[in-house]
1. Between the alpha-carbon centers of segment 212-249 and segment 14-54, tell me the distance in whole angstrom.
2. If you take every residue apart from residue 64 with its C-beta less than 10 Å away from the C-beta of residue 64, what net charge results, scoring Lys and Arg +1 and Asp and Glu -1?
3. What is the local net charge at residue 186, summed over the other residues whose Cβ is closer than 12 Å to its Cβ (Lys, Arg +1; Asp, Glu -1)?
4. Rounded to the nearest 10 Å², what accessible area does residue 182 have for a 1.4 Å probe in the complete protein model?
5. Amide H neighbours of residue 149 under 5 Å, at least 5 residues apart or on other chains, H built in the peptide plane: list them.
6. Name the residue farthest towards the positive end of the dipole of the chain from the options 124, 54, 195, assuming +1 on Cβ of Lys and Arg, -1 on Cβ of Asp and Glu, about the Cα centre.
7. So which lysines pass the test for residue 178, namely a Cα distance under 29 Å, with those fewer than 8 places away in the same chain ruled out?
8. Quote the charge dipole size of the chain about the Cα centre in Debye, to the nearest 20; the model charges only the Cβ of Lys and Arg (+1) and of Asp and Glu (-1).
Amino acid sequence: MVSRLARAKINLTLHVTGQRRDGYHLLDSLVCFAGVGDQITAQSADHLSLSVEGPLASGVPTDERNLVWKAAELFGHDSGAHISLTKNLPNAAGIGGGSADAAASLLALAELWDVPLPENVLDLGADVPVCLAPMALRMHGIGEKLSLVPALPPLWAVLVNPGVALETPPVFNALTVKENPEMECVPDLQSAAEFAGWCALQRNDLQAPAIGLVPVIQDVLNALAPSLLARMSGSGATCFGLCASAEDAEILANFIRANHPDWWVVATTLS
Ligand code: C5P
């Protein structure tokens, strides 16, 4: 049996710098990963099967529509496995849920079956390559070009999702200007406050179009305003607030939970 944590992917910045002829957008994004995630467990079996449980399992398919299933099929051989997915992360939420699950499944199955990873992992989704190496990375191209960045300072965050699923394509479609300036070079900073100051000078170009589609995202950002920096991740609707300590993150998370008991609120580390 092999288990993997499919950590939530956070886009600390997300600059959209162009659009390819096939419609995909060119990105320049600083990505990091939270300490929370979905759990993938794979064990040997005669056939492929998938079960989904956990607090956010409702509505998640257990068949070939699930990226976990597609990840297993990408190996292109008929070895079996039973995969169990515990959904702790919201779906269609801008934190990589499905891509993180797919990447964790690829790693778990490669170990279980003792085979190399398939080559065409990008076919599963633009965020899958970065989720295979869950660490701070700069993402270019449509998501397939990854480069190392200086280690992040010790960093905590409050993640908040207002419970509204937001699919990615409509957010990209709502972005009117596709060619925007690149992100500045990621500096080597030692404190969370300095790092948040640098992040504040960068952008998430999808934030404004996402708020246009789902205005409650602005309420989430307002609730996270006491943090060092409040911003949306990916195409939303999850937003993060950067914090300098676990205690600061926990206090802010508790305050937001008390005011918005129906929102998904998590205090966690980022790295
Ligand atoms: O690759 P993934 O399935 O996650 O992407 C979902 C959708 O988001 C794509 O079909 C595309 O409409 C949009 N997308 C994009 N440019 C990217 C990544 C995703 O336009 N770099």
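The values are calculated or read from the model by the stated rules, or taken from the named source; none is laboratory data. Owing to the predicted nature of the structure, the values given are computational and were not obtained by experimental measurement. Cβ coordinates were reconstructed from backbone atoms using ideal geometry, including for glycine residues, and neighbour counts include every protein chain displayed. Calculation scope for accessible area: heavy atoms of the full protein, side chains included, ligands and nucleic acids excluded. Shrake-Rupley method; radii C 1.70, N 1.55, O 1.52, S 1.80 Å.
1. Spelled out, the Cα-based centre of one part sits 21 Å from the other.
2. On the way: positive: 65, 70; negative: 63, 73.
Around residue 64, the charge tally is 0.
3. -3
4. Estimated to the nearest 10 Å², residue 182 gives 120 Å².
5. Amide H neighbours of residue 149, under 5 Å, 5+ apart: 138.
6. 195
7. Within the straight-line limit of under 29 Å, residue 178 reaches these lysines: 9, 145.
8. Values: 14 positive and 28 negative charges, 92 e Å.
Its charge dipole is roughly 440 debye.
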